[in-house]
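Chemist: First, the structure itself, so that you have it in front of you.
The values are calculated or read from the model by the stated rules, or taken from the named source; none is laboratory data. Here the structure is a predicted model, which means the values were calculated and not measured. Glycine gets a Cβ as well: all are built from the backbone with ideal geometry, and neighbour counts include every protein chain shown. Heads up: the accessible areas ignore ligands, DNA and RNA and are worked out on the full protein's heavy atoms, side chains in. Shrake-Rupley method; radii C 1.70, N 1.55, O 1.52, S 1.80 Å.
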Amino acid sequence: MSMRSIYRGLRMNHSRFLCSHLHSHATSFGFKEVREEDKSQMVGNVFTSVASSYDVMNDLMSGGLHRLWKERLVSKLSPFPGMKHLDVAGGTGDVAFRILDSIHDVAHRAVGDIHDDNLLEETQIFVCDLNPNMLRVGRKRAQERGLGGNKSLIWVEGDAEKLTFGDGSMDGYTIAFGIRNVTHIEKALAEAYRVLKPGGRFLCLELSHVELPIFKELYDYYSFSVIPKVGELVAGDRESYQYLVESIRRFPRQEKFATMIAEAGFQKVEYENLVGGVVAIHSGLKF
């Protein structure tokens with residue numbers, strides 16, 4: 001065989017190798033680079049592992065502050081009787097329960113208003129999560145709250161990047177501590193925009209980036225040295241909580257994420273830092 005034939009064969013094999021890798025794009029899973037088609041399953045494995053201890057760990061990691069952060073999120077939503085709302089990555093129901101409570105508070109303030117009573121019956125809060133184990137925890141919590149038969153709460157297994165809801169079907173959209181786990185943030189934002197009605201509000205609560213240098217050093221120490229150890233002790237899973245803290249660092253900074261929301265079509269985009277940027281609430285309106 002001639003040297004030219006050998007070179008040609010090597011070049012063809014190299015081209016096939018490059019093509020196979022070009023068609024399998026890489027994305028981040030914490031600090032690791034993984035194939036896009038693998039990330040969803042890897043994230044699913046994380047939440048399958050932590051589902052039963054998810055709410056307990058949230059209390060431990062945040063010192064209970066996550067409850068106040070979610071209350072702030074719901075206050076920005078301004079829920080109302082009769083609304084159709086979508087809470088994505090909300091499997092355990094923590095945000096959905098708060099929205100339902102807020103709607104009932106509004107209705108009770110309008111005591112005797114038959115119109116509001118009828119609207120209350122029409123309220124629909126869809127809790128959408130990719131992980132069936134998280135939804136199972138949410139349904140169990142609903143039953144414990146006496147909401148097991150509540151027709152306003154609708155539990156849906158679904159993907160934030162490929163929602164099954166119709167165009168312009170929702171008055172509001174929330175996602176809390178979930179958007180950094182999707183493979184393509186821009187696709188999730190596009191889907192949020194698609195399903196919202198004109199005038200609908202998008203709200204995202206997410207762990208974010210601390211700017212103050214001294215606080216940042218303390219926060220980094222706590223994140224990387226304490227949280228994985230607590231995860232190991234309480235949930236028996238150090239790796240999942242190592243992924244958690246790494247995924248926060250890979251998530252876009254507040255300004256960049258605000259730009260991404262605006263690029264998805266939302267207007268009046270703004271964000272509010274809480275606890276110095278440990279978490280941020282981003283919001284936008286669809287006109």
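Chemist: Could you please find all residues in segment 133-153 being in contact (Cβ under 8 Å) with a residue 60 or more places away in the chain and not in a helix (DSSP H, G or I)?
Modeler: Selection gives L153 alone.
Chemist: If you don't mind, another one. Report, by residue number, each residue of segment 24-33 that is touching a strand residue (DSSP E or B) at 6+ places or on another chain (Cβ under 9 Å), modelled with pLDDT under 80 and buried (at least 16 other Cβ atoms within 10 Å of the Cβ).
Modeler: The one that is touching a strand residue (DSSP E or B) at 6+ places or on another chain (Cβ under 9 Å), modelled with pLDDT under 80 and buried (at least 16 other Cβ atoms within 10 Å of the Cβ): S28.
Chemist: May I pose another question? Among the residues of segment 261-270, is there at least one that is among the aromatic types (F, W, Y) and in contact with a helix residue (DSSP H, G or I) (Cβ under 7 Å, 6 or more places away or on another chain)?
Modeler: There is at least one residue in segment 261-270 that is among the aromatic types (F, W, Y) and in contact with a helix residue (DSSP H, G or I) (Cβ under 7 Å, 6 or more places away or on another chain).
Chemist: Kindly check whether there is at least one residue in segment 52-71 that is open to solvent by less than 20 Å² (accessible area, probe 1.4 Å), touching a strand residue (DSSP E or B) at 6+ places or on another chain (Cβ under 9 Å) and under 20 Å from A188 (Cβ atoms).
Modeler: Yes, segment 52-71 contains a residue that is open to solvent by less than 20 Å² (accessible area, probe 1.4 Å), touching a strand residue (DSSP E or B) at 6+ places or on another chain (Cβ under 9 Å) and under 20 Å from A188 (Cβ atoms).
Chemist: For segment 140-178: of the residues being acidic (D, E) and touching a strand residue (DSSP E or B) at 6+ places or on another chain (Cβ under 8 Å), which is farthest from L86 (Cα to Cα)?
Modeler: Here the answer is E157.
Chemist: Checking the structure you have, find out if any residue of segment 199-221 is of a type outside the set (G, A, S), at pLDDT 95 or above and over 20 Å from the mean Cα position of the chain (by Cα).
Modeler: No: zero hits.
Chemist: Scanning segment 231-260 for residues that are in contact with a Phe, Trp or Tyr (Cβ under 8 Å, 6 or more places away or on another chain) and of a type in the set (A, V, I, L, M, F, W, C), which turns out nearest to T48 (Cα to Cα)?
Modeler: Out of the qualifying residues, it is A235.
Chemist: Take segment 261-287 and flag every residue that is of a type in the set (G, A, S) and touching a Phe, Trp or Tyr at 6+ places or on another chain (Cβ under 7 Å).
Modeler: Passing the criteria: A264, G265, G276, A280, S283, G284.
Chemist: Go through segment 90-109 and give me each residue that's touching a residue at least 24 places away in the same chain (Cβ under 8 Å) and either over 14 Å from the mean Cα position of the chain (by Cα) or assigned to a helix (DSSP H, G or I) (or both).
Modeler: D94, V95, A96, F97, R98, I99, L100, S102, I103, V106, A107
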